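What follows is a structure written as structure tokens; I'll ask about it next.
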């Protein structure tokens, strides 16, 4: 780094926030110390100090872990007791590390560190293999929806750099991770102590063909993880410096917005247009998620802190009772009878825990009954608020799907919550399923001559996207073809998008990695949207194993337009059917990443409709689907 | 989608602005601590951005020990006037009158009297419930665990083991009457980030940061400008004599009180030079600040007592 720098490159770096977790002995501090050291982010005097301490202790090597111990108490105990933030930089990226302890009593700290991380590193000691806590960390990372996980198998020097040891850990952890909701997992064998595969390729592990850890950190693509679809602008404050200016300041939680776009303020529902997007550095034409801006509107409407500005045709959910995953963070246990203050986006509202479904044993992932949560416990509860909140599912929107609970007596932050959705009992579910007043939002075709309403009037039915998801061989295509044929016969404007067909052309450049699968679904979703907007009933048949991808397509469409059809069939039946002979190949190892064999399938959490092809005939199912379409007035 | 990305500086800036707006919305009477250094200068620019087109709705407060460099006082008064901010200056006058000095009391006690005591007195006097500080987590080991919102009891004390967890961008600003909160909007910035931002934003600074030839006396690796020798060593304890004077190119990497701030050898006369130097640096920024060296845990001790 002593060479003359390209300072411009340094100014245009991107930023990656990641967390590291592992137990006291997994070598986490050594790894971070190594990253800081190798990227020249340790200063000479700091290095001299740890060198001195190492020698005093009688170590023959400089203990890089000593660079990280912050507080006197833990220096004495030799352990990390809290989340500490560390920084290093390369010419490509600045890195913020949330360094969190791994032992049991500090789940709270790990959740805290995870909440702002875009990537997580789990360290596994090669000698000990996959331990309970490695699984616990994976579970928490999945719960907090960190999009990228790197499993670093450390201390390879102590197992003679053996590939078998490494492969065994990879296999075991991969199997475990199928139970989790993590889309991108990579593995890497390292020795943090000696630096193998940390910033430079290890000569001692020629069998490892992948990238170094630093290379992964520098290159992981994170901007695509953000939600740029659903515009959500929680108002932080109303800025009124003089009589001529009234603006709404805040940070855009998700989505994008342009000057001139139609917006609505919640909860009032008043509509207006964006007049300007003001910043100190000049007005913007367009702003996007993560930007802190001040928005002015064409009309004088009453908006205050805690309100949310959104696009008229893309609204968040609203409700005062919802299902959440909750992590309890206070010494004082949860009291289901007391009121807490819930801070969500920029507002605070009184709330209480109205029901506890279960707590999760983070070691076994088993669900257990509970009357309350104590420190470091996690589980599913129902929260009721004094007034309705505007929120989204945490999975699709971290900003509007997360909250904290504050104890009004102690002012402490006692819990962190991730919203799963509206609390629904059976009766409500039935009502939604058969709601006859469900209507597709009015969409204007940008610059088009023919409006969606015109299309629908001529077609004699409404547009809809019917998304069939299920295992290969579950009967998606069979059901879809029969449905399309029947609808065609009734004069419907119908369109079918099938997994195999798009793979030939539209998505011919994509493979079957998790990332490519997601991209495949994204393209299909966008295509379906275009046809939907011209009034078609679009029947899509895709394995689409990940809820996040299906949710993405849902979020890209107006509310009520997307119908998730879960084509349910026992995996064993699918394997027996094996219409394309794919299961046979996958089981023989000829195809990799095959859903149901060595790649996970996430069953839909709340599908609009579920059909079971191993129990009912195709004709019965088609009839059932048409009844559903009539109930929703998609068909007349 | 690639157009919806921000550089690291832009992301840090947006985070700081979000925090400042949150503080103004949640607290009744915030203040921004102003130490006249580069971090304060950066914080002020962020405050200007956060509340544009208005002025930032809180005063600046300089806790003056009386030992700051003359260039700092001059710059402070001019800059505050230029940006139209309100400045409060507070000191522990009693201690200053008694001649409190590190060479007489020891560094720790001197800081305790002139900084911590003065700061806590000023916060109580004005009834501030939130005070922005420019501290960064990369400055010092115990600061690495500091929160954005750091709750202090009625004596301004920090309890590192009893901190509130901070999740997502949801900050808990609730406190009881006598408590207050220190806010650190630059927590995630590093020294390099600050310098890059100063360059990008063209932020004015005290000239002491830039190198020039200065008459100095070197003592135990610390470079003391000759003109300040009497302030550093009022009682002549160090026994330094004029024949030790050397003319060296030097600058100040961070600015504190004259007796506790040494210069470093440097030829950096521009921001670009400084950035190059920071990237090359193998010495940490506060090293020339004598206050951190007393014991391995000295900063943590000070923080517990209510210093920053």
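Which of the residues that make up segment B:148-161 are at the interface with chain A (Cβ under 9 Å from one of its Cβ atoms) and either part of a loop (DSSP other than H, G, I, E, B) or more than 26 Å from residue A:416 (Cα to Cα) (or both)?
First, pick out the residues of segment B:148-161 that are at the interface with chain A (Cβ under 9 Å from one of its Cβ atoms): B:151, B:160-161.
If the condition is that a residue be at the interface with chain A (Cβ under 9 Å from one of its Cβ atoms) and either part of a loop (DSSP other than H, G, I, E, B) or more than 26 Å from residue A:416 (Cα to Cα) (or both), then B:160, B:161 are the ones that fit.
Right, another one. Show me the strands (runs of 3 or more DSSP E) entirely contained within segment A:251-338 in which 2 or more residues are under 30 Å from residue A:414 (Cα atoms). Spell out how you get there, then give the answer.
On the way: elements: A:256-258, A:262-266, A:271-278, A:286-288, A:292-297, A:308-311, A:317-328.
Per the criteria, A:308-311, A:317-328.
Further question on the same structure: Restricting the search to segment A:160-188, which residues are surrounded by 17 or more Cβ atoms within 10 Å (Cβ to Cβ) and farther than 24 Å from residue A:114 by Cβ?
Within segment A:160-188, A:161, A:165, A:166 meet the criteria.
Scan segment A:154-173 and give yes if some residue there is under 16 Å from residue A:364 (Cα atoms) and under 25 Å from the mean Cα position of the chain (by Cα), otherwise no.
Our first condition is that a residue be under 16 Å from residue A:364 (Cα atoms); within segment A:154-173, this holds for A:172-173.
Remaining after also requiring under 25 Å from the mean Cα position of the chain (by Cα): A:172-173.
Within segment A:154-173 (the criterion being under 16 Å from residue A:364 (Cα atoms) and under 25 Å from the mean Cα position of the chain (by Cα)), the answer is yes, since at least one residue qualifies.
Wholly within segment B:1-94, which strands (runs of 3 or more DSSP E) include no fewer than the required count, namely at least 2 residues that are surrounded by fewer than 22 Cβ atoms within 10 Å (Cβ to Cβ) and more than 14 Å from every other protein chain (Cβ to nearest Cβ)? Spell out how you get there, then give the answer.
Numbers: elements: B:30-33, B:60-63, B:87-90.
The strands (runs of 3 or more DSSP E) meeting that bar are B:87-90.
Right, residue B:194: buried (at least 21 other Cβ atoms within 10 Å of the Cβ), within 19 Å of the chain's Cα centre (by Cα) and either facing chain A (nearest Cβ under 8 Å) or not in a helix (DSSP H, G or I) (or both) or not? Don't jump to the end; show me each part of the working.
On the way: buried (at least 21 other Cβ atoms within 10 Å of the Cβ): yes; within 19 Å of the chain's Cα centre (by Cα): yes; either facing chain A (nearest Cβ under 8 Å) or not in a helix (DSSP H, G or I) (or both): no.
So residue B:194 does not fit the description; no.
Does segment B:100-111 contain any residue that is under 16 Å from the mean Cα position of the chain (by Cα) and farther than 26 Å from residue B:204 by Cβ? Quick ask: steps written out before the conclusion?
In the first step, residues of segment B:100-111 are kept if they are under 16 Å from the mean Cα position of the chain (by Cα); the result is B:111.
If we keep only those that are farther than 26 Å from residue B:204 by Cβ as well, we get B:111.
The answer is yes, given that some residue of segment B:100-111 is under 16 Å from the mean Cα position of the chain (by Cα) and farther than 26 Å from residue B:204 by Cβ.
Within segment A:212-240, how many residues are assigned to a helix (DSSP H, G or I) and more than 14 Å from chain B (Cβ to nearest Cβ)? Give the steps one after another, and end with the answer.
Pass one, segment A:212-240, residues assigned to a helix (DSSP H, G or I): A:213-219, A:223-225.
Of the ones still in play, those that are also more than 14 Å from chain B (Cβ to nearest Cβ) are A:213-216, A:219.
The total comes to 5.
Please count how many residues of segment A:613-636 are within 25 Å of residue A:576 (Cα to Cα) and either surrounded by fewer than 16 Cβ atoms within 10 Å (Cβ to Cβ) or not assigned by TED's automatic domain parsing to the domain that holds residue A:463 (or both). Break it down into steps so the answer makes sense when it comes.
Going residue by residue through segment A:613-636, those that are within 25 Å of residue A:576 (Cα to Cα) are A:613-622.
Still in the running and either surrounded by fewer than 16 Cβ atoms within 10 Å (Cβ to Cβ) or not assigned by TED's automatic domain parsing to the domain that holds residue A:463 (or both): A:614-620.
Within segment A:613-636, residues that are within 25 Å of residue A:576 (Cα to Cα) and either surrounded by fewer than 16 Cβ atoms within 10 Å (Cβ to Cβ) or not assigned by TED's automatic domain parsing to the domain that holds residue A:463 (or both) number 7.
Let me ask something else. So, in segment A:144-173, how many residues would count as being in contact with a strand residue (DSSP E or B) (Cβ under 7 Å, 6 or more places away or on another chain) and in a helix (DSSP H, G or I)?
As a first pass, look at segment A:144-173 and keep what is in contact with a strand residue (DSSP E or B) (Cβ under 7 Å, 6 or more places away or on another chain): A:146-157, A:166, A:169-170, A:173.
Next, from what is left, pick out any that are in a helix (DSSP H, G or I): A:156-157, A:166, A:169-170, A:173.
Within segment A:144-173, residues that are in contact with a strand residue (DSSP E or B) (Cβ under 7 Å, 6 or more places away or on another chain) and in a helix (DSSP H, G or I) number 6.
Just give me the residues in segment B:225-270 being closer than 29 Å to residue B:202 by Cα, outside any loop (DSSP other than H, G, I, E, B) and in contact with a strand residue (DSSP E or B) (Cβ under 7 Å, 6 or more places away or on another chain), in sequence order. Write out each step before concluding.
Within segment B:225-270, the subset closer than 29 Å to residue B:202 by Cα is B:225, B:248-258, B:260-270.
After this cut, where a residue has to be outside any loop (DSSP other than H, G, I, E, B) as well, the list is B:225, B:248-251, B:258, B:260-261, B:263-265.
Across segment B:225-270, the qualifying residues are B:225, B:248, B:249, B:250, B:251, B:260, B:261, B:263, B:264, B:265.
Of everything in segment B:95-109, what is without any contact (Cβ under 8 Å) to a residue 60 or more places away in the chain and in a helix (DSSP H, G or I)? Give them in sequence order.
B:95, B:96, B:97, B:105, B:109, listed by residue number.
Restricting attention to segment A:1-22, which residues are within 7 Å of chain B (Cβ to nearest Cβ) and at pLDDT 65 or above?
The answer is A:10, A:11, A:12, A:13, A:14, A:15.
The values are calculated or read from the model by the stated rules, or taken from the named source; none is laboratory data. No experiment lies behind these values; they were computed from the predicted model shown. Note that we place each Cβ from the backbone using ideal geometry, even for glycine, and neighbour counts take in every protein chain shown.
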